[in-house]
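A short write-up of the structure that comes next.
The values are calculated or read from the model by the stated rules, or taken from the named source; none is laboratory data. Nothing here was measured: the structure is a model prediction, and the numbers come from that model. Every residue, glycine as well, gets a Cβ built from its backbone with ideal geometry; the counts of neighbours run over all protein chains shown. To get the accessible areas, we keep the full protein, side chains included, count just its heavy atoms, and leave off ligands, DNA and RNA. Shrake-Rupley method; radii C 1.70, N 1.55, O 1.52, S 1.80 Å.
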Amino acid sequence: MDIKENLAQNLTRLRKAEGLTQAELATKLNYSDKAVSKWERGESVPDLYVLKQLADFYCVSIDALISEPLIKKPLLTQNKGKRRFIIAMCATGLVWLVAITCFAFINIIIQSIVHTWMAFVYAIPVTMIVLLVLTSVWRKKITAGIITSLLVWSTIVAVYLSLFYLLPTPPEQLWTLFLIGIPLQILIIFWSIYRKIK
């Protein structure tokens with residue numbers, strides 16, 4: 001098997017492992033889907049710059065792209081998944097570091113403020129926003145839908161608790177804030193179904 005055929009098979013396999021269409025990959029690389037199609041059929045070979053882009057995108061070496069297709073897809077996916085998990089945990093850790101720092105400084109410096117524990121309540125929706133951005137970049141549609149739901153409900157809970165503890169006399173109908181979440185949840189479900197079909 002020659003380099004063109006190896007490259008064609010590897011590019012096709014890696015693209016499918018990522019769940020991308022040729023058009024989606026072309027958009028990410030600023031190339032036409034026709035060029036991607038030619039690469040995957042072995043009719044042409046991308047230049048060195050594009051090969052480097054492809055290798056970086058798939059987290060493999062250029063040598064792995066042009067070698068015999070011996071790399072197992074699960075190993076690539078597993079390594080990429082581990083890196084993404086670590087990135088997500090680091091980003092989440094930073095959000096909670098800020099929340100703990102705010103909590104500590106407010107308790108130490110401004111001791112008159114009560115309900116400083118609300119810093120942790122607000123950290124939950126902020127965490128969901130960070131994770132939503134990451135899953136959107138990584139094109140994890142189902143995970144993004146779940147995180148969007150958690151974002152909606154954690155934001156409603158944060159607003160509810162803020163009003164409950166900060167207002168001198170919270171209104172009896174404060175619970176109706178949770179009704180806002182129902183149509184939002186339905187919209188999220190339909191949007192997730194639409195994206196999956198698309």
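Here is how the numbers come out for the structure above:
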{"quantity": "Residue identified as closer than 20 Å to TRP138 by Cα and open to solvent by less than 60 Å² (accessible area, probe 1.4 Å) among LEU14, LEU51", "calculated": "LEU14"}
{"quantity": "Boolean, THR116 is more than 30 Å from ARG84 (Cα to Cα) and out of contact with any Leu (no Cβ under 6 Å at 6 or more places or on another chain)", "calculated": "yes"}
{"quantity": "Options ILE186, ILE182, ILE156, ILE193: the member that is at pLDDT below 90, under 25 Å from the mean Cα position of the chain (by Cα) and among the aliphatic types (A, V, I, L, M)", "calculated": "ILE193"}
{"quantity": "Residue within region 56-78 that is open to solvent by 30 Å² or more (accessible area, probe 1.4 Å), within 24 Å of the chain's Cα centre (by Cα) and under 30 Å from ILE186 (Cβ atoms) present", "calculated": "no"}
{"quantity": "Enumeration of residues in region 34-48 that are assigned to a helix (DSSP H, G or I) and either closer than 21 Å to GLU68 by Cα or at pLDDT below 85 (or both)", "calculated": "VAL36, SER37, LYS38, TRP39, GLU40, ARG41, LEU48"}
{"quantity": "Odd one out for ILE146, checked against (1) part of a helix (DSSP H, G or I); (2) in contact (Cβ under 8 Å) with a residue 12 or more places away in the chain", "calculated": "(2)"}
{"quantity": "Number of the exception - LYS140 against (1) under 30 Å from THR21 (Cα atoms); (2) in contact (Cβ under 8 Å) with a residue 12 or more places away in the chain", "calculated": "(2)"}
{"quantity": "Given (1) of a type outside the set (Ser, Thr, Tyr); (2) over 25 Å from THR92 (Cα atoms); (3) open to solvent by 40 Å² or more (accessible area, probe 1.4 Å), index of the condition ILE142 fails", "calculated": "(2)"}
{"quantity": "Check on MET89, open to solvent by 40 Å² or more (accessible area, probe 1.4 Å) and aliphatic (A, V, I, L, M)", "calculated": "yes"}
{"quantity": "Criterion: β-branched (Val, Ile, Thr), more than 22 Å from THR92 (Cα to Cα) and out of contact with any Lys or Arg (no Cβ under 7 Å at 6 or more places or on another chain) - qualifying residue of ILE147, ILE113", "calculated": "ILE113"}
{"quantity": "Candidate set: region 155-181, residues that are of a type in the set (Val, Ile, Thr) and either without any contact (Cβ under 8 Å) to a residue 24 or more places away in the chain or touching a Lys or Arg at 6+ places or on another chain (Cβ under 9 Å) (or both); chosen: the one surrounded by the fewest Cβ atoms within 10 Å (Cβ to Cβ)", "calculated": "THR169"}
{"quantity": "Conditions (1) touching a helix residue (DSSP H, G or I) at 6+ places or on another chain (Cβ under 7 Å); (2) of a type outside the set (Asp, Glu); (3) assigned to a helix (DSSP H, G or I); (4) more than 30 Å from ALA23 (Cα to Cα); number of the one not met by HIS115", "calculated": "(3)"}
{"quantity": "Set VAL137, VAL152, VAL126: member being closer than 22 Å to LEU94 by Cα, among the aliphatic types (A, V, I, L, M) and surrounded by fewer than 16 Cβ atoms within 10 Å (Cβ to Cβ)", "calculated": "VAL137"}
